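Right, one structure below, let's go through it.
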Amino acid sequence: MIPRRIAEHVKAHNWFAVAVDLAVVVSGLLIGFQIDRAWEAQESKSEIGEYRARLIDDFRTELEAIDSRIAYFTRVEKHAQSALAAYDRPSNELGASFIVDAYQATQTWPFSAPRGAYDEMISAGRGNLIPDTGLRKRLAIFYSELEQDNVTWNEEKPYRELVRTFLPVAIQMKTHEACESSDVGAGGALKLTQPDACGVALSAAEIAEGVAALKNAPAFKLELNRQISSDESKMRLFRARAEQVKAMIAEVERAK
């Protein structure tokens with residue numbers, strides 16, 4: 001409609017009308033462009049808010065998982081220290097508690113930090129949605145460090161295999177059933193718990209057999225010592241990671 005009207009005005013040499021029509025066209029284009037820009041900005045703002053909320057949710061899920069594992073490995077180390085302290089005593093002085101401590105010291109709980117929101121944002125090429133370049137860099141470093149941390153968190157030392165190879169399986173099953181339980185947390189993740197004390201119903205014959213098996217396991221004391229050191233390293237790393245996570249939550253919440 002407007003192009004035909006402009007053509008008619010040109011034929012009539014009505015240059016004022018041509019100028020008015022062109023101004024209307026240009027104004028329409030500019031308004032449309034501004035509307036598109038505003039819509040895109042609103043969409044970006046909404047997307048930024050969604051990713052920010054999901055990042056924070058991942059951080060809080062990770063923090064909860066870390067806290068659970070610190071509590072878990074604290075109990076595991078307590079058993080390990082008790083087993084190490086008792087090992088040099090004569091076999092006839094060692095009872096079911098030594099067997100329980102030695103077995104519980106083998107327990108482990110794999111960990112992998114949730115990173116779905118960050119990975120999705122990067123794979124979709126939306127990393128620039130975070131306007132703060134410093135925060136983008138810190139997020140990249142934060143997640144890149146997970147690769148090495150996961151190696152430490154999920155490493156299994158020979159002690160676990162040693163005890164589970166030599167200790168009779170019937171004793172292992174009784175100990176596991178009495179001393180550890182599993183549940184599914186609110187977020188759907190597996191949650192392991194250990195009681196403050198667990199009583200395992202072992203007969204005198206089973207106790208004697210279990211103690212003998214552990215005493216005869218090669219390098220038991222050395223491997224247990226190494227296991228304790230490994231658990232300590234895991235907990236130190238978990239505590240340091242927890243502080244990093246708290247700092248990231250604060251930074252992402254500030255970046256609005």
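General remarks:
- Report note on the peptides 177-183, 229-235: ranked by the mean count of other C-beta atoms within 10 Å, highest first, their order is 229-235, 177-183.
- Nitroxide proxy distance, nm - points 7 Å out along Cα→Cβ at GLU145 and ARG60: 2.3 nm
- Take the Cβ atoms of GLU253 and ASP183, set R0 to 22 Å, and the FRET efficiency comes out at 0.15.
- Global dimensions of the stretch 46-191 from alpha-carbon coordinates: Rg and Dmax equal 20.9, 69 Å.
- Estimated FRET transfer efficiency when R0 is 35 angstrom, pair SER233-ASN92 (beta carbons, to 0.05): 0.50
- Amide hydrogen proximity for LYS191: with H placed 1.01 Å from N in the peptide plane, the residues at 5 or more positions away or on another chain lying under 5 Å are ASP183, VAL184, GLY185.
- Pairs beyond 30 Å (Cα-Cα), from LYS78/LYS215; LYS78/LYS137; LYS137/LYS234; LYS137/LYS157; LYS191/LYS215; LYS221/LYS246: LYS78/LYS137; LYS137/LYS157; LYS191/LYS215; LYS221/LYS246
- Added length on full extension, which subtracts the Cα-Cα distance from 0.36 nm per residue, ILE70 to LEU192: 42.8 nm
- Ranked from largest to smallest solvent-accessible area, with a 1.4 Å probe on the protein heavy atoms, ILE99, ILE249 come out as ILE249, ILE99.
The values are calculated or read from the model by the stated rules, or taken from the named source; none is laboratory data. Quick caveat, the model's predicted, so the values are computed rather than measured. As a convention, Cβ positions derive from the backbone with ideal geometry for all residues, glycine included, and neighbour counts pool all protein chains shown. Calculation scope for accessible area: heavy atoms of the full protein, side chains included, ligands and nucleic acids excluded. Shrake-Rupley method; radii C 1.70, N 1.55, O 1.52, S 1.80 Å.
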